[in-house]
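What follows is calculated from the coordinates using simple rules that are stated; it is not laboratory data. Computed from a predicted structure; not experimentally measured. Please note: Cβ atoms are built from the backbone with ideal geometry, for glycine as well, and neighbour counts cover all protein chains shown.
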Amino acid sequence: MSNAIRVLSAGAAESLMGTRFTAETGLRIDASFAGVGVVMKRLEKSEHADVVVLMQPAIAELKGRGLITGACVATIGAVATSLAVKTGYPPTVVRNLDCAQTTEILAAQGTTFVADLPSPFSLSTHYAMAATAGSQSAQAAYRFIVSATNSPPHFLL
């Protein structure tokens, strides 16, 4: 088994890549973040990854293509789309507002969370993580998923 686990992830899940897994296992997390479409193309081109973190429909599509294992999938949760403002600017000035997923707003330097988009404009994206069919360490992938989600993976698709 390698001393690292390779994770390809949508940017919204970056906060899941904490140090608890490394402290518990001694394995470091080698994570790469990109848009969902980019992550899917990288997997389709056989880029190595042990775990992938994407929207649930993308996980289902990759499973259908045989790129992930169906037995090692875990739901992470939903991320709301929210409004942000540059830090120090009032949230009432439209030109200072931006719209992104809440997790990306909270992780970004120089931005301040304002509010989730109100109904009927609200939008939540449901994310999941899965072990890839090409994982070089299925056991480490499983342990990472358990650590990141605080629950055992399950077949959800």
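Straight Cα distances below 19 angstrom link Lys86 to the aspartates and glutamates Asp98, Glu104, Asp116, with same-chain residues fewer than 8 positions distant left out. In the chain, the longest principal axis of the Cα atoms and the axis of helix 138-149 are about 30 degrees apart. Whole-percent P(r), segment 66-129, all Cα pairs, 10 Å bins from 0: 21, 40, 22, 13, 4. Relative protection proxy for 110-117, 142-149, 125-132, from highest mean packing down: 125-132, 142-149, 110-117 (other beta-carbon atoms within 10 angstrom). The stretch between Thr92 and Ser32 holds 18.1 nm of extra length on full extension. This uses 0.36 nm per residue minus the Cα-Cα distance. Note on Lys41: aspartates and glutamates with a C-alpha under 20 Å away, same-chain residues under 8 apart excluded, are Glu14, Asp30, Asp50, Glu61. Rounded to the nearest Hz, the phi-derived 3J(HN,Hα) couplings of segment 21-26 under the Karplus curve 6.51 cos²θ - 1.76 cosθ + 1.60 (θ = phi - 60°) are 4, 5, 5, 6, 10, x, where x marks glycine and proline. Compute the separation of the alpha-carbon centres of segment 30-57 and segment 97-132 and state it in Å as a whole number. Segment 30-57 and segment 97-132 have Cα centres separated by 19 Å.
Adding -39500 (n - 2.57) for every DSSP H run of four residues or longer, then dividing by how many residues the chain holds, sets the calculated 222 nm ellipticity at -7500 deg cm²/dmol. Relative to the Cα centre, the charge distribution of the chain, modelled as +1 at Lys and Arg Cβ and -1 at Asp and Glu Cβ, gives a dipole magnitude of about 160 debye. Place +1 on the Cβ of every Lys and Arg and -1 on the Cβ of every Asp and Glu in the chain, take the dipole about the Cα centre, and give the residue among Phe113, Gly134, Thr75 whose Cα lies farthest towards its positive end. My answer, from the dipole projection, is Gly134.
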